[in-house]
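Engineer: Dropping a structure here in structure tokens format, bear with me for questions.
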Amino acid sequence: MIKHFMPAALLASVMIMGCSEPSEPKSVVQAESEQSADSAISAEEQRLNQFFADSFAEDLARRPFNASYLGIKDNHDKWNSVSESFQDATRVLAEERLAATADVDLEQISAPRQLSLDLYRLSIQRQLKMDDFRHEDYVMHQFRGPHTSVPSGLINVHQIGDVADAEAYIGRINNVSVYFDEVIEQLNIRSDKGLFLVDWMYPQIVASANNVITGAPFEESDKDSAIWADFQEKVAALAIESAEKQRLLDAAREGLINNLKPAYERLIATIETQSEAAHTDDGIWRFENGDEYYQALLSWFTTTDLTADDIHNLGLANVERIQNEMRSVMKSVGFEGSLQEFFVDLRGNADIRYPNTDEGRDAYLSDTRNAIDAMRAKLPEFFGILPKAELKVKRVEAFRERSAGKAFYQSPPPDGSRPGIYYANLYDMSSMPKTDLEALAFHEGVPGHHLQLSIATELQGVPEFQRYLRFTAFSEGWGLYSEYLSKEMGFYQDPYSEFGRLAMELWRAARLVVDTGLHSKRWTREEAIAYLIENTPNAEWDCTKAIERYIAMPGQATAYMVGKIRILELREMARELLGEQFDIREFHDTVLGSGPVPLDVLEANIKAMIAAKS
């Protein structure tokens, strides 16, 4: 899963897409071919390019933490605003931009820039569609939100290379107060409308928030809090006088105690008060516009018009298919009994798990790095375009590991100042069996998210906004396709590892069933957990955390299988039509070389590749 790959606010600022569709989009392959015939850039295209550049710059100026994420240090001491007035202004700006692109003379711009324009307009249309449900969207939940993005942003994004960076870090510590007051405003707006979280979410949020302000300097403790430890480490690495280091440390300590801690305490108090009126129903069907909102989310995440029933039935069909494949593997290892009995056997099998110790966690990280290194050696056989950015494998930090997801990826900035990071949640080693290690590493690392997102970030010759577009069905579909592709590349030699790959795919198929079950068919949390326990080999804790994730992020989990199926369908279409001319490297470069796109544009790209070779 891509999670912060990019902060949620940054996704909004670069305008994630998928609800609407661009009018007759042209593929990048087709577009570049057409442009080669006439390389002259018209005045109209120059004007459009400048408009794109100005819009992107304006977005970063309005959202300073997004700029920091991309390595830009303007207003480096501030957080993104989430105030209602800011969001109102953002909507007006989006409408103005949409109107401003209406009079572009399409005959005067190249085919690649027509594609850029289609994507730009689509992004705004999607942004406006989802803003119609602004207050139905959760401000925070147990997996992510301002309470965890503050420490993770400071630790993982805000680099300190000089005194100015350190002072900006201190500024961000102090400005958490302003940021959280805006968050509380949003929570209160939703409270007034009766749009509460589910009751069981609140204690988890409070626990994660309290973790941030636990330890020194917030209290007498031998253990430093995560932010304080990070700031001390970064300042210690600066080549400055000791007195200057002490000045920075004193200022940070004061900010943590006098600004950040009270801000967290106000936020926690608000959450605890609202928990008293919380809902006990789990799905968003409970909202007045819940059904309409859920359909909008399904369209957003899958970039299709599939209904909840369509997706539910697709899930059931793929659960049956994958379970039949698993039975073949089960027989190959000599297990006698039903598939469900095999699931139970695997859940209790200590041989396929690392010890729940620091040594076991270190072994997991080491084996993951080895698997990724082995994959890197194979990539040139299947890909022409390869990423330049480095990849780091890291354990999820202690302050958020109890509530965070199983694994996720954070993409690098374009300047290369930070690597891409694959986060593995090693809080409970029973939920991270050895059988799943390869598939997880290939999904989050290479050839999955790191390869795809780094290539997109490193694209040249496209407007900057286009490099940061996000379509969940494309990106997560690619991640799941990468797990399947890795088998064709020669991995999963151990039958238990192959079973683990199938278990990961089964997990994504079951998601289609339980996500729609929760938010459309009114399943309870307990019913959904029971479905996963019955139909997958995952541990009960894993099943519970997954269902809680799907409740917190409705619709998102449906994109994986929908996207993977479509990528594989397009590959087999190309293979059938091209015969001996089919080149797997060319196919993958065509998929990734356009950057993230909705599934209909991906289809256009592949059809253009086929036409060019026919």
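What follows is calculated from the coordinates using simple rules that are stated; it is not laboratory data. Please read all numbers here as calculations on a predicted model, not as lab measurements. Positions of Cβ are backbone-derived with ideal geometry, glycine not excepted, and every protein chain shown enters the neighbour counts.
Engineer: Neighbouring Cβ atoms within 10 Å as the yardstick, rank ILE268, ILE551 fewest first. List each step's numbers first, then the result.
Structural biologist: Working: ILE268 19, ILE551 25.
The most exposed by this proxy come first: ILE268, ILE551.
Engineer: May I pose another question? Roughly what % antiparallel, to the nearest 5, for the DSSP beta bridges in the chain? Could the numbers behind the result be given before it?
Structural biologist: Values: 4 of 12 bridges.
Expressed as a percentage, antiparallel bridges in the chain total about 35.
Engineer: How charged is the neighbourhood of TYR354? Take every other residue with its Cβ under 13 Å from the Cβ of TYR354, and add Lys/Arg as +1 and Asp/Glu as -1.
Structural biologist: -3
Engineer: Specify whether the C-alpha gyration tensor of the stretch 138-288 places it in the rounded, prolate or oblate class, a ≥ b ≥ c being the square roots of the eigenvalues: rounded for a/c under 1.5, otherwise prolate if a/b is larger than b/c and oblate if not.
Structural biologist: On the way: a/c = 2.74, a/b = 2.46, b/c = 1.11.
It is prolate, given that a/c is not under 1.5 and a/b is the larger ratio.
Engineer: Counting alpha carbon pairs within less than 8 Å and at least 6 residues apart, what relative contact order, in whole percent, applies to the chain? Could you put the intermediate results ahead of the total?
Structural biologist: Numbers: 919 pairs, mean separation 123.5, N = 614.
That works out to 20 percent.
Engineer: Between ALA363 and ASP103, take the C-beta separation as r, use R0 = 51 Å, and let me know the FRET efficiency to the nearest 0.05.
Structural biologist: On the way: r = 61 Å, r/R0 = 1.20.
Taking R0 as 51 Å, the efficiency between ALA363 and ASP103 is 0.25.
Engineer: Let me ask another. Given the C-alpha atoms of the stretch 507-594, compute the convex hull and give its volume per residue in Å³. Don't jump to the answer; show the numbers that get you there.
Structural biologist: Working: hull volume 11.5 nm³, N = 88.
Dividing the Cα hull volume of the stretch 507-594 by its residue count gives 131 Å³.
Engineer: To continue, here is another question. Express in nm, to one decimal, how much length is gained between LEU316 and GLU464 on full extension, taking 0.36 nm for each residue of separation and deducting their alpha carbon distance.
Structural biologist: Numbers: separation 148, 0.36 × 148 = 53.28 nm, distance 4.01 nm.
Gain on extension, LEU316 to GLU464, equals 49.3 nm.
Engineer: Here's another thing I want to ask about it. Would you mind calculating the gained length between SER614 and ASP309 on full extension (0.36 nm times residue separation, minus the Cα-Cα distance), in nm to one decimal? Could you put the intermediate results ahead of the total?
Structural biologist: Values: separation 305, 0.36 × 305 = 109.80 nm, distance 3.84 nm.
106.0 nm is the gain from fully extending SER614 to ASP309.
Engineer: Whose amide H sits under 5 Å from the amide H of ASP224, counting only residues 5 or more places off or on another chain, with H placed in the peptide plane?
Structural biologist: Excluding prolines and chain starts, which carry no amide H, the hits are ALA216.
Engineer: Would you list THR302, THR457, THR270 from fewest to most Cβ contacts within 10 Å?
Structural biologist: Lowest to highest Cβ neighbour count: THR270, THR457, THR302.
Engineer: Mind putting a number on the dipole of the stretch 138-288 about its Cα centre? Charges go on the C-beta only, +1 for Lys and Arg and -1 for Asp and Glu, and I need it in Debye to the nearest 20.
Structural biologist: 180 debye
Engineer: Another question, then. Go through SER191, GLY405, THR304 and say which Cα lies farthest out towards the positive end of the charge dipole of the chain; charges sit on Cβ, +1 for Lys and Arg, -1 for Asp and Glu.
Structural biologist: Farthest towards the positive pole: GLY405.
Engineer: In percent, what relative contact order does the stretch 463-538 have, based on Cα pairs under 8 Å that are 6 or more apart in sequence? Numbers along the way, then the final one.
Structural biologist: Numbers: 21 pairs, mean separation 16.2, N = 76.
Contact order relative to length: 21 percent.
Engineer: Rounded, prolate or oblate: which one fits the stretch 387-501, using the alpha carbon gyration tensor with axes a ≥ b ≥ c (rounded when a/c is under 1.5, else prolate when a/b beats b/c, else oblate)?
Structural biologist: Details: a/c = 2.23, a/b = 1.37, b/c = 1.63.
Oblate.
Engineer: Next question. Residue by residue, what Karplus-based ³J(HN,Hα) values in Hz, rounded to whole numbers, does the stretch 49-65 have, using 6.51, -1.76 and 1.60 with θ = phi - 60° and x for Gly and Pro?
Structural biologist: For the stretch 49-65, the Karplus-derived couplings read 4, 5, 4, 4, 5, 5, 5, 5, 5, 5, 4, 5, 5, 7, 10, x, 5 Hz, x marking Gly and Pro.
Engineer: Go through TRP200, ILE268, GLN232 and say which Cα lies farthest out towards the positive end of the charge dipole of the stretch 138-288; charges sit on Cβ, +1 for Lys and Arg, -1 for Asp and Glu.
Structural biologist: TRP200
Engineer: Report, in debye and to the nearest 20, how large the dipole of the stretch 570-613 comes out about its Cα centre when Lys and Arg carry +1 and Asp and Glu carry -1 on their Cβ.
Structural biologist: Dipole size: approximately 40 debye.
Engineer: Another one. Under unit Cβ charges (Lys, Arg +1; Asp, Glu -1), what dipole magnitude, rounded to 20 debye, does the chain have relative to its Cα centre?
Structural biologist: 700 debye
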